[in-house]
1. What's the ranking of 159-168, 218-227, 146-155 by average number of surrounding C-beta atoms within 10 Å, highest first?
2. At a Förster distance of 45 Å, what's the computed FRET efficiency of Lys157 paired with Thr15, Cβ-Cβ distance as r, to 0.05?
3. Using the number of other C-beta atoms within 10 angstrom as an exposure proxy, rank Ser175, Ser120 with the fewest first.
4. Near Lys109, which aspartates and glutamates are there with a Cα under 15 Å away, not counting those fewer than 8 places off in the same chain?
5. Evaluate E = 1/(1 + (r/R0)^6) for Arg59 and Arg206, where r is the Cβ-Cβ distance and R0 equals 51 Å; express this FRET efficiency to the nearest 0.05.
6. Over the alpha-carbon set of the range 45-156, work out the extent along each principal axis and list the three values in angstrom, largest first.
7. What spacing in nm lies between the two simple spin-label points modelled at Lys139 and Lys171, each 7 Å away from Cα in the Cβ direction?
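Bear in mind these aren't lab numbers, they're just calculated from the coordinates by the rules spelled out. Keep in mind it's a predicted model, so treat the numbers as computed, not measured. Positions of Cβ are generated from backbone atoms using ideal geometry, with glycine treated the same way; all protein chains shown enter the neighbour counts.
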Amino acid sequence: MIFVYSILISLLVGTLLGVAYTLLGFWKTWAMGIILGVLLALGTFVLLSRIISKRFEPRFLQAQKQLQSGATTLAMQTLEELIPLGRWQVMLTGQIYAQLGILAYGAEKEDLAVDYLEKSALRAPDARMALAAIYFRRKNAAKAFEAMEIAIRGSKKQILPYHAYAWMLNKNGDSDKAIEQLRRCLKVESSNEASKENLLRLQNNRKLLMKRFGMPWYALKLEKPPASMRQYQPGTHRGMRAKQRKQKRRG
């Protein structure tokens with residue numbers, strides 16, 4: 001279990017000041033001391049969170065700019081330097097690992113990606129889908145399906161995780177469970193045309209059509225994107241090489 005320093009400090013401040021005020025006679029009852037302690041703890045937590053955010057956000061924006069310029073390695077180094085701040089901010093560590101894992105996967109560093117993605121936040125569906133995709137490509141369907149369940153639980157209203165899960169199940173020879181996933185998806189958004197179409201395709205023993213999900217789907221590397229979409233993608237070796245070729249042609 002990772003203890004978040006900001007929570008521990010806030011609880012300590014609230015407890016000490018609440019008890020001190022009560023014992024010194026500023027409050028006549030313990031009930032008022034408890035109320036004061038809770039308010040002080042919340043105030044301390046908010047203050048610490050804002051201080052950490054001011055330290056975190058500029059570095060995170062720096063990593064985004066590095067990624068946009070094709071400097072994936074630098075972006076990953078910047079994010080890795082932020083990991084210690086996760087001890088001070090709720091859920092920050094898991095989000096950093098999610099970003100690092102996705103970048104490592106895009107950079108063809110699968111072993112490193114798995115290491116990061118397994119530590120990613122449970123409510124980071126893109127990271128969990130990437131982890132599932134790696135496991136599926138490595139023929140470990142059980143772990144892939146486990147990761148997909150976590151991805152769906154982390155964001156039940158996102159449509160792609162249901163379809164990606166259905167694609168894996170169907171590819172693994174279990175069309176009935178694949179159909180079940182799409183029906184599960186339609187309960188979330190009954191009017192979704194992609195879900196209706198893919199459900200009909202499965203019921204007619206046809207291949208799922210995933211093209212409409214665009215690069216978020218192809219980034220999982222379970223299917224190759226069409227030629228029209230094989231352009232520069234920030235954060236991948238292929239994308240960086242494409243960008244370099246473009247720069248040479250312009251030069």
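1. Output ranking for 159-168, 218-227, 146-155: 159-168, 146-155, 218-227.
2. 0.70
3. Ser175, Ser120
4. The qualifying aspartates and glutamates are Glu118.
5. Rounded to the nearest 0.05, the efficiency is 0.60.
6. 45, 33, 21
7. 1.5 nm
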